[in-house]
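Enquirer: So that we are looking at the same thing, I have put the structure below in structure tokens.
What follows is calculated from the coordinates using simple rules that are stated; it is not laboratory data. Small disclaimer: the values here were computed from a predicted structure and weren't measured. As a convention, Cβ positions derive from the backbone with ideal geometry for all residues, glycine included, and neighbour counts pool all protein chains shown.
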Amino acid sequence: MGKQNKVRFELFHPEELAEAIAETPVAYVPCGSLEWHGEHLPLGCDAMRGHKLCVEAAKRTGGVVLPGHYIAAPGYCAYGGSIVFTPATVKRVAHELCRELAKMGVKVIVLFLAHGGSPQRESFTEPAEEFMREHADVKVLTIGGGEAAPKGRGSVGGGHAGPGETAECMAAAPDAVHLERFDASATALPRYEGLDPKTYKDGLSPEAHEGLERHMARTQWDWDPELPVKATPEAAQQVVDTIAAGLAEKVEELLASVRGKE
């Protein structure tokens, strides 16, 4: 299969885009957020690292990668710098985005969940499943980095804003990562006080309500003190290569199934 050297959607001209999708009808959507990630990481960390991982996967499969998607479901919405949307809004945007990509001839849509949590997952999984019921010729893969990587390989762990996310962001935007600002003893969260969880619940399943309220009420954050040691350029490259290769493999399988029906 031929591969396009250019994969970033925003850099294509119309004729080039049509040719790229005709050759490999795959579109990657890095589903990130604008969200607190401590003092050592930028607010756009999720979408930035998600974009990097999708670009590296697309270099292996072909297809196009959309800019980092910041319409994210609630989670750490009370923490400094975080911008979130109700799940109802995210679901509508996700469904309409699938519609717009399908009209261009895309047959495999990858909703790559660089921002995690149950509200985010259900906000993308539900419209993805609905869209596939409506369009039998289109496959929508909703997947996170941990699911794409072979189990136990590539990850340096740490959860939100931890070593793994720091390493991925380091690979995506090294100048935006400031390990010298990391302080494991700085556990107090910068917060917006007085927020009502009800503001963010429209479209959220009852099962996820408790988790949202717990996150919004949190005042302290526990850090991995070994983060600066674990998040190295070498670890960053390993994480990116492992996740991108695993994601590309899953996309190739979906692409083969779609082409087999043509």
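Enquirer: With an 8 Å cut-off on Cα pairs and a minimum separation of 6 or more residues, tell me the relative contact order of the chain in percent.
Expert: Here the relative contact order equals 24 percent.
Enquirer: Take LEU204, LEU247, LEU189 and order them by how many other Cβ atoms sit within 10 Å, fewest up front.
Expert: Listed from fewest to most nearby Cβ atoms, that is LEU189, LEU204, LEU247.
Enquirer: Any idea how far apart ARG259 and LYS6 come out in nm if each label point goes 7 Å out from Cα toward Cβ?
Expert: A separation of 2.3 nm, rounded to one decimal place.
Enquirer: Could you list the square roots of 5 times each eigenvalue of the Cα gyration tensor of the chain, that is, the equivalent ellipsoid semi-axes, sorted largest first and rounded to whole Å?
Expert: Working through the eigenvalues yields semi-axes of 31, 23, 14 Å.
Enquirer: Kindly provide the trypsin sites (Lys or Arg not before Pro) of the range 51-140 that DSSP labels as loop, not H, G, I, E or B, and whose Cβ sees at most 11 other Cβ atoms within 10 Å.
Expert: Hits after loop and neighbour filter: nothing returned.
Enquirer: Between their Cα atoms, which of LYS6/LYS59; LYS139/LYS201; LYS103/LYS250; LYS59/LYS91; LYS107/LYS250; LYS59/LYS103 are more than 18 Å away from each other?
Expert: Where the Cα-Cα span goes over 18 Å, the pairs concerned are LYS139/LYS201; LYS103/LYS250; LYS59/LYS91; LYS59/LYS103.
Enquirer: Next question. Neighbour counts of other C-beta atoms within 10 Å: give me SER205, SER185 arranged from fewest to most.
Expert: SER185, SER205
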